[in-house]
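Values quoted throughout were computed directly from the atomic coordinates according to the rules given, and no laboratory measurement underlies them. None of the values given here were measured: they were computed from a predicted structure. When we count neighbours, we look across all protein chains shown, and the Cβ atoms used for this are built from the backbone with ideal geometry, even at glycine.
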2 protein chains.
Amino acid sequence: MAVQKSAQPAPGKPAPDSTRRSEKSRRAIYDAALALVVEVGYPKTTIEGIAARAGVGKQTIYRWWSSKADVLMEAFLDLAEQSMREAGPEPYVFPDTGDLAADVKAVLRATVDQMCDPRFDVPSRALAAEGVVNEQLGRELVAKLMQPSLDLYVGRLRAAQEAGQMRPEIDPRIALEFFISPLAQRWLQHTGPISHEYTDTLVDYALHGLAPR
Amino acid sequence: MAVQKSAQPAPGKPAPDSTRRSEKSRRAIYDAALALVVEVGYPKTTIEGIAARAGVGKQTIYRWWSSKADVLMEAFLDLAEQSMREAGPEPYVFPDTGDLAADVKAVLRATVDQMCDPRFDVPSRALAAEGVVNEQLGRELVAKLMQPSLDLYVGRLRAAQEAGQMRPEIDPRIALEFFISPLAQRWLQHTGPISHEYTDTLVDYALHGLAPR
């Protein structure tokens, strides 16, 4: 009966077995895409290669995504969410305890933990490296993977401005770069070690400039 | 006579023609190395490929450099020096007029101009992208290409501390990241536009945190 159901699902209403099978395929595709981009690099990763490694037909992938960039972006987003969830704070929520320094430090500590997790580190380096030389992909990575986090920083910094904890003339979109860019450069370009102590220091140095006097 | 001279130079004292020829080969090798890393990427750039494109023998390259990373690093260093010289300030000299904000702004404006020069931008992206995923190369890029600039920033910031323009408890090696990392991230990861106005803003925001109160 289960076989019959999933072979002929009601239109627009897949049977539970079909949903489960789809979810399994989706996860196999994500895993295959991330593994391939690490092993052979972005330019040589193909939809065919992902399909073969995931054990699904090419058409299954094209049904859900329009390009390899799309598959990878979603695979990566899913991974980042998993890794963020494990590291602590909920993704897409920026803590607001009223103490700006403490809140930004907590978020940056979770980011450091994520960067030190090889499951996140290795595929995100492969994607970031391609984004450096492939401007279109780079801009998609920013829009789809980074922008949601940047928006959260902007929101938290605006709240800090309203609470009188940050100078009103500061542009939050630029201010947030004092928190994320030094860490990103150390991580991506190997310019220095990263640790909770380091990001705490960034916050303290930056806030002395950002807080009103 | 010129031919005879360069065919049998005095030991350890090459004739002028030989020196000129060496200089010409060296430049052809630099150009070939930079062009190849842009066209085929770092992994596929080989000493053989560089030699063929430069019109020299493989042994000529091995006489001067021990690896393709060495050739590329020197080619890039030479390019960065040329580009810096054209942009204004002498490379390896950080201005010290006594006005920290003005000095850092001048250096960053020259860096922006360099980043906007395609001769510098394209090969340095190719090298930086490889440094992201190839930790050994990444660390060499930092040690050979970035460290001299970082040392100049540290020196200028120490002078500012001695002049009472920066809080004494600040670590200059971390402080300099407020100047260079946001710009580096916008440039490498396409996270935002870069301009003189932007880097001036970074300096103003950062110094309000770094200056003593």
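Can you list the distances in nanometres, one decimal and ascending, from the B:ASP204 label point to the identical position in each other copy, with the point 7 Å along Cα to Cβ?
For B:ASP204, the inter-copy label distances come out at 2.8 nm.
Distances in nm, one decimal, shortest first, from B:ASP78 to the same residue in every other copy, taking the label point 7 angstrom along Cα→Cβ.
4.9
Rank-order B:96-102, A:44-50 by packing density, defined as the average count of other C-beta atoms within 10 Å over each peptide's residues, highest first.
A:44-50, B:96-102
Along the Cα→Cβ direction, 7 angstrom out, place labels at B:MET146 and A:VAL93. What is the inter-label distance in nm?
Spacing of the two 7 Å Cα→Cβ label points: 3.5 nm.
If the only charges are +1 at each Lys and Arg Cβ and -1 at each Asp and Glu Cβ, what is the size of the charge dipole of segment A:79-198 around the Cα centre, to the nearest 20 debye?
140
Could you tell me which of rounded, prolate or oblate describes segment B:97-136, using a ≥ b ≥ c as the square roots of the eigenvalues of the alpha-carbon gyration tensor, with rounded for a/c under 1.5 and, failing that, prolate when a/b is larger than b/c and oblate otherwise? Each step should come with its number before you reach the end.
Working: a/c = 5.56, a/b = 2.03, b/c = 2.74.
It comes out oblate by the Cα gyration axes.
Which aspartates and glutamates have a Cα lying under 12 Å from the Cα of A:LYS44, excluding residues fewer than 8 positions away in the same chain?
Hits, sequence-local ones excluded: A:GLU130.
For peptide B:196-206, compute the average count of partner chain beta-carbon atoms within 10 Å of each residue's beta-carbon.
3
Sorted from shortest, what are the nm distances separating the label point of A:ARG63 from equivalent points in the other copies, each placed 7 Å from Cα along Cα to C-beta?
For A:ARG63, the other copies' label points sit at 6.5 nm, shortest first.
Mind checking B:125-138 for the average number of partner chain beta-carbons within 10 Å of each residue's beta-carbon?
5
When only C-alpha pairs under 8 Å and at least 6 residues apart count, what is the relative contact order of segment B:18-122, in percent? Spell out each step's value before the answer.
Details: 72 pairs, mean separation 22.7, N = 105.
Dividing the mean separation by the residue count of segment B:18-122 yields 22 percent.
Given 0.36 nm per residue, what is the gain on full extension from B:ALA102 to B:ARG27 after removing their alpha carbon distance, in nm?
Details: separation 75, 0.36 × 75 = 27.00 nm, distance 3.57 nm.
Residue separation times 0.36 nm, minus the Cα-Cα distance, leaves 23.4 nm.
Where does the charge balance sit around B:GLU140 when Lys and Arg score +1, Asp and Glu -1, over other residues with C-beta under 15 Å from its C-beta?
With Lys, Arg at +1 and Asp, Glu at -1, the net is -1.
Mean separation of Cα pairs under 8 Å and 6+ residues apart, divided by the residue count of segment A:68-210: what relative contact order is that in percent? Spell out each step's value before the answer.
Values: 109 pairs, mean separation 37.5, N = 143.
Dividing the mean separation by the residue count of segment A:68-210 yields 26 percent.
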